[in-house]
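S.K.: Below is one structure. I have some questions about it.
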Amino acid sequence: MNYQKKIIPIIIYLTILYGACYAASKEVGNYLIFIDFPSAIIVVIIALAYSFNKTNKIKSFGTGAVYGGWLGFLIGLISMSADFALNQLNTKDFLSANSVLWLVVFYGYCIKVLMKILDNQN
């Protein structure tokens, strides 16, 4: 019964998230701009590792996803900065890499909100 009450908020959340991502992608002209599998994998693996020994797995998974997002951001920033310094990349390449860099944080917070909806102790 409790899960039935959570289906509607999850559907609303995912619909709004999809609509916002679709509208932004359409505006930019690149429909795959919000899809980056390595970023998603980093967030999910760190979230799983963080929630492994916790009692409230759902809440801990959401918190771990945010931590994973920021750790992935720092890893990407360090990698991007080193590559930028070594290869003398132009500003267009830097901004293109920067947009992918923020996806990790975006994924982390999206998962956190979803876990907040699923958590029994809201």
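Every read-out reported here was derived from the displayed coordinates using simple, explicitly stated rules and does not represent laboratory data. Remember, it's a predicted structure, so these values are computed and weren't measured experimentally. Every residue, glycine as well, gets a Cβ built from its backbone with ideal geometry; the counts of neighbours run over all protein chains shown.
S.K.: Tell me whether the stretch 57-105 comes out rounded, prolate or oblate; compute the Cα gyration tensor, take square roots of the eigenvalues as a ≥ b ≥ c, and use a/c under 1.5 as the rounded threshold.
M.R.: Values: a/c = 7.03, a/b = 2.82, b/c = 2.49.
Verdict is prolate for the stretch 57-105.
S.K.: What longest region of the chain stays clear of chymotrypsin sites (Phe, Trp or Tyr not before Pro) that DSSP places outside H, G, I, E and B and that have at most 14 other Cβ atoms within 10 Å?
M.R.: 53-122
S.K.: OK, next. Multiply the residue separation of Ile33 and Tyr13 by 0.36 nm, subtract the distance between their alpha-carbon atoms, and state the gained length in nm to one decimal. Before the final figure, lay out each step's value.
M.R.: Details: separation 20, 0.36 × 20 = 7.20 nm, distance 1.98 nm.
Net length gain for the segment: 5.2 nm.
S.K.: Using 1/(1 + (r/R0)^6) with R0 = 30 angstrom and r between the beta carbons of Asn90 and Ala49, what's the FRET efficiency to the nearest 0.05?
M.R.: The computed FRET efficiency comes out at 0.20.
S.K.: How big is the gap, in Å, between the Cα center of the stretch 66-122 and the Cα center of the stretch 2-65?
M.R.: The stretch 66-122 and the stretch 2-65 have Cα centres spaced 14 Å from each other.
S.K.: For the chain, rounded, prolate or oblate, judged on the Cα gyration tensor with a ≥ b ≥ c (square roots of eigenvalues), a/c < 1.5 rounded, else prolate if a/b > b/c?
M.R.: oblate
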